[in-house]
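Just so it is clear, none of the values below were taken in a lab; they were calculated from the coordinates. What you see is a predicted model; the values in this text were computed from it and never measured. Cβ sites come from the backbone with ideal geometry, for glycine too, and all protein chains shown count toward neighbours.
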Amino acid sequence: MSDPVLSVRDLHVRFGSKRGVAHVVRGVSYDLHAGETLALVGESGSGKSVSTLALTKLIPMPPGRIDGEVHFGGRELVAMSEAELRSIRGNDIGFVFQDPMTSLNPVHPIGRQLTEGMRHHLGLSASAARDRAVELLSLVGIPDAANRLDAYPHQFSGGMRQRVVIAIGLSCEPKVLIADEATTALDVTTQAQIVDLVERLQEELGLAVVWITHDLGVVAGIADRVMVMYAGEIVEEADVDDLYGSPRHPYTVGLLGSLPVLGADEPGELTTIHGLPPDPTAMPPGCAFHPRCEFRDDDRCRDEHPPLRDADDAGDGHRVRSFYEVPADVREAASTSSQVAEAPPNAGDPLPAEASEGDR
Amino acid sequence: MSAVTNATDPGAAGSGRDDVLVDVQDLQVHFPVHGNGVLRRRVGSVKAVDGVSFQVRRGETLGLVGESGCGKTTTGLALLRLVEPTGGRVVFDGTDVGSLGRGELRSLRRRMAMIFQDPYASLDPRMSIGASVEEALRIHGLHGDRRDQRVAELLETVGLNPDYASRYPHEFSGGQRQRVGIARALAVEPDFIVCDEPIAALDVSIQAQVMNLLRELQRELDLTYLFIAHDLAAVQHISDRIAVMYLGRIVEVADRRAVYDEPSHPYTRALLSAIPVPHPGRERGRQRILLHGELPTPQDPPSGCNFRTRCPEVFEPCDRVDPTLQACTGEEHRCACHLYGVEGVEVEPSHHPDARGVAGRP
Amino acid sequence: MSATEATADDRPVVDEHRSQWRQTWSILVSNRMALFGLVVLGLLVVAALLGELLAPHGANAQGFEFYAAPSLDHPFGTDNLGRDVFSRVLIGARTSLQVGAVSVGISLVAGTLLGLVAGYRGGWLDAVLMRSMDVLFAFPIVLLAIAIVAVLGPSITNAMIAIGVAFTPIFARVVRGSVLSVREEVFVRAVRSLGASDVRIVLRHILPNVAAPIIVQTSLSFAFAILTEAALSFLGVGVQPPTPAWGLMLQEGRGVIDLAWWMGLFPGLAIFLTVMAFNVVGDGLRDALDPKQRSIIESRGQGVDA
């Protein structure tokens, strides 16, 4: 495999607080290759957002502290000065955040916000930047782009605004795009448009994408590889098919089982994970998940911190952070492949006869 | 004061009229829009809910699904008259809710309760959770001498430790707070609960807990739910029947299976195809129906069929005939679309600004 | 899991269980300026309650040297009638606090009531009430007070009524503004969905949630009320001699500033300190009661990550 674009090694993020040090990212490592989509999945508080913000030190420091190594383009980012990082943020690594309203400045027209980074990072002239802005807006599917450069964010709908934010994220031709819950605030039909757009752009531009979300449905559609985060750690990592087809960590199994499945015949009880994630200022000594684990909870789980290791009889690069894996019969029941009903009949179905006869 | 309904309603399902608990007939909620001038003259109205009819049968869960801005939440609020309907009728167990005076309305609210989306915002931050639940009892003078005991029972019913009754909402997690919201709704011993996006603000594994709880309570206490959500998978999990809303109208009503197996309205099809399924193989092979254009503003909806500006199937009658809900694959499966026969009210066709081709102008 | 039994999931997320008021208090006293203000106010209250006992001489005890400069016997000197200025300043604290308390009390009650009604009811009633408040607000406060005193006659009681009326619009506005936003909160709708009456909603839910701005406004108004009383007394339409009041003493000292600067300086300093104390406490309260401030402190407690 080619060299990774982005390589993260043993990343830690800690925040000082009144109640002690909150250790919110605890030794995250991964490689990201060109053209690849890596999904970072987890619930709120799992550290998935902070771990990516920390890549370019986009967290307040202090109280935050970052340790570990982030290699990007032959350079190490954690030790880099703020001035050097500024030339990387938005330029080599683009960001798309959750809320398109708050990530755009309401008092400036979108054209200005789009061209700002290009003029700064790429040194384009005002008119060249403007031309490129029109190009970008058309690329992300905003009609009549030339006339809309002078429009203000509030004049766009939520979906259109998120397209603008993506255009800004792409404006300096980054090698890596980080999408942090980029479709969470959007309706499903709009989400489908945005997911479609990012996939298309990735193909055209050879981008590497880190897609951060809590939505396991979106992940299934967009990701090549998935990392599941819990309490600041990667607890399971696998190719997307392996993860959904044969999840090994009790937390992953629990998460998948708690999803209602569209089109299920007789909806039964949903699996739930009891309890709450641990307090980041007071992590349990052993496995971070053991207080909630229904599968197994013995002395080893309580005392020993499990390493991220290769899963038994699994696909390449399927790794899991637990001493015991969920047995095949249990994970079979939880894996979504067994629950998803037959292919949804909606798409591509012939419509009633009247439709095709109608005057289109 | 009570008005028993015998009115025949074109949108109503044909059978089982006797066990209908909530009968909504041509409900409208229009919000006035005022100009900026000194006189603030009324310049138009936002048709948040524009002629919605459905029935909720005793003991069932009717799911109301739609995207943001479709009017589903406003519909729920209008059922309890938490916003005043501007037209149509809501008949609850034989009583016309619109005809009630203030006092009668307050006592009706013992029988209809509501659970809100954001469990943090829906609890008074300055009241302990026990006091919030107790207040519901106090309002209706229930369990006068043993209210504390009843509060403890209610908290236990929703899976909370009664010892924490004196704690404040900010001390709890989102899922726990939603349990408090449910306990408070149950306190008045209602027959009918409007659940407005009760899981949208919660984490995935917590959503499952709350849905399981709602289903269990329904079985034990014989409750009837209107379950409002944007997440069709969740709605389908919990509902017996599903109504799909688009731009202030119901476009399709059917049994929970039929919505998935035989989605009939083009909007329902698009919605279903857009929902990501947690199955990588399925996702890759899927053909999405991508809707083009933007949701038209409810202040100026398109003439005829609401959906025609984004519909992939649009044809001749769509801009001049306003479709009514009609039977499509069966008497219980109703759909407002001309694909199943042109049925509806003739209107003046308009060239709508949101229509395709000129979409997305500022 | 079963819904009918309590499970391990139900322990609260936040461990420390502290009432909101104690939390506010601890934020307030951690602010040095506010703490200083609180100490000054504490001393003032002591002086107001026990002034006669603490003062070395009576407020109107005469017989000392006229215009004596500050000395060990008379730390603030004596005035034109040979009275001990220190004793008069000490005893005058009562007048000032009394005027502050009564006049702010009047405006607090009237303004809160008007603001609650206008904000909750809205519509024409809101328009009528708030326009009349605007009219009242348009007059300079001292001018309005003078007008009221001119009608009722100069006395300390009338001065208090005048200040109370003049300050009412400020409270009405602050309360109405807060009510307008709290009224739209989901929890108000939730309580309404339970069948709660308007009176219950306003008293049990809206009022406690607009308490913070009212408290801040009260403390700031206290300072203004004392200043206004001083101004009215200075102009001769407030407290009447020989009652010891800081404004009045300032006025008496004005004419002889080159002869006996201490007659004006010390009452002036007392006014300055009191007003400043109320202001810094008000500012401190504003911070301590600000939900944003609190959520920052809470999030520090709950850890990070979104």
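Worth pointing out:
- Amide hydrogen neighbours beyond the local backbone of B:Ser53, cut-off 5 Å, H modeled: B:Asp26, B:Leu27, B:Ile250
- Spread of Cα-to-Cα distances over 5 Å intervals beginning at zero, given as percent, for segment C:22-110: 3, 13, 16, 15, 15, 15, 9, 7, 5, 2, 0
- Using the Karplus relation 6.51 cos²θ - 1.76 cosθ + 1.60 with θ = phi - 60°, the per-residue 3J(HN,Hα) values for segment A:198-212 come to 5, 4, 5, 5, 4, 5, 6, 9, x, 5, 9, 10, 9, 10, 9 Hz, with x marking Gly and Pro.
- Amide hydrogen neighbours beyond the local backbone of B:Ile115, cut-off 5 Å, H modeled: B:Val194, B:Cys195, B:Asp196
- Average beta-carbon neighbours from other chains, 10 Å sphere, peptide A:217-223: 6
- Using the Cβ-Cβ distance between A:Asp303 and C:Leu235 with R0 set to 56 Å, the FRET efficiency works out to roughly 0.10.
- Linear extension gain, A:Glu173 paired with A:Phe323, 0.36 nm per residue minus alpha-carbon span: 49.7 nm
- A Förster radius of 22 Å combined with the Cβ-Cβ distance from B:Asp163 to C:Trp25 puts the calculated FRET efficiency at roughly 0.25.
- Applied to segment A:272-284, the Karplus parametrisation 6.51 cos²θ - 1.76 cosθ + 1.60 on θ = phi - 60° returns per-residue 3J(HN,Hα) values of 10, 10, 6, x, 10, x, x, 5, x, 8, 9, 6, x Hz, with x for Gly and Pro.
- Straight-distance crosslink candidates among lysines, where the alpha carbon sits under 30 Å from A:Lys175 and sequence neighbours closer than 8 are dropped: A:Lys48, A:Lys57
- Förster-model FRET efficiency, 60 Å R0, B:Arg42 and A:Glu294, C-beta, rounded to 0.05: 0.50
- The GluC sites (Glu not before Pro) of segment C:155-254 meeting both criteria, a DSSP state outside H, G, I, E and B (loop) and at most 13 other C-beta atoms within 10 angstrom of the site's C-beta, are C:Glu184.
- Semi-axis lengths (Å, descending) of the ellipsoid that matches the C-alpha gyration tensor of the protein assembly as shown: 58, 37, 31
- Nitroxide proxy distance, nm - points 7 Å out along Cα→Cβ at A:Met61 and B:Asp145: 6.7 nm
- Projected-area average for segment B:132-187 over all orientations - Cα convex hull basis, square nanometres: 3.4 nm²
- Computed on the Cα atoms alone, the convex hull of segment A:1-158 gives a volume of 158 cubic angstrom per residue.
- Dividing the Cα radius of gyration of chain C by 2.2 N^0.38 Å, with N the residue count, gives 1.25.
- Residue by residue, segment B:211-218 carries 3J(HN,Hα) couplings of 5, 4, 4, 4, 5, 5, 5, 4 Hz when phi is fed to the Karplus relation 6.51 cos²θ - 1.76 cosθ + 1.60 (θ = phi - 60°); x denotes Gly or Pro.
- Sequence-distant lysines (8 or more away, or on other chains) whose Cα lies within less than 20 Å of A:Lys18: C:Lys292
- Under 5 Å from the amide H of A:Ala311 lie the amide H atoms of A:His318, A:Arg319, A:Val320, each residue being 5 or more positions distant or on a separate chain, with H modelled from the backbone and absent for Pro and chain starts.
- Mean Cα-pair separation over length for chain B, i.e. relative contact order, pairs under 8 Å, 6 or more apart, %: 18 percent
- For chain B, with +1 on Lys and Arg beta carbons and -1 on Asp and Glu, the positive-most of B:Cys311, B:Pro298, B:Gln25 along the dipole: B:Pro298
- Computed from point charges on the beta carbon alone (+1 for Lys and Arg, -1 for Asp and Glu), the dipole magnitude for segment B:19-72 about its Cα centre is near 420 Debye.
- Take B:94-103, B:114-123, B:132-141 and order them by the average number of nearby Cβ atoms within 10 Å per residue, most first; the result is B:114-123, B:132-141, B:94-103.
- Rg(Cα) / (2.2 N^0.38 Å) computed for chain B, rounded to two decimals: 1.04
- Paramagnetic reach from C:Phe272 (point 7 Å along Cα→Cβ, amide N under 13 Å) across segment C:238-266: C:262, C:264-266
- Residue mean of other protein chain beta carbons inside 10 Å, B:309-322: 2
- Pairwise label distance in nanometres, A:Asn147 with A:His120, each label 7 Å out on the Cα-Cβ vector: 3.1 nm
- For B:Lys72, the lysines whose Cα comes closer than 28 Å to its Cα, not counting residues fewer than 8 places off in the same chain, are B:Lys47.
- Peptide A:15-27 - average C-beta neighbours from other chains (10 Å radius): 3
- Percent of alpha-carbon pairs separated by more than 19 Å within segment A:123-188: 34 percent
- Three principal axis lengths of chain A [C-alpha, angstrom, descending]: 67, 66, 42
- Label-zone membership for segment A:173-216, site A:Ser2, 7 angstrom Cα→C-beta point, backbone N under 15 Å: A:174-177, A:202-209
- Dimensions of segment A:1-54 based on its C-alpha atoms, expressed as ranges along the principal axes with the largest first, amount to 45, 21, 14 Å.
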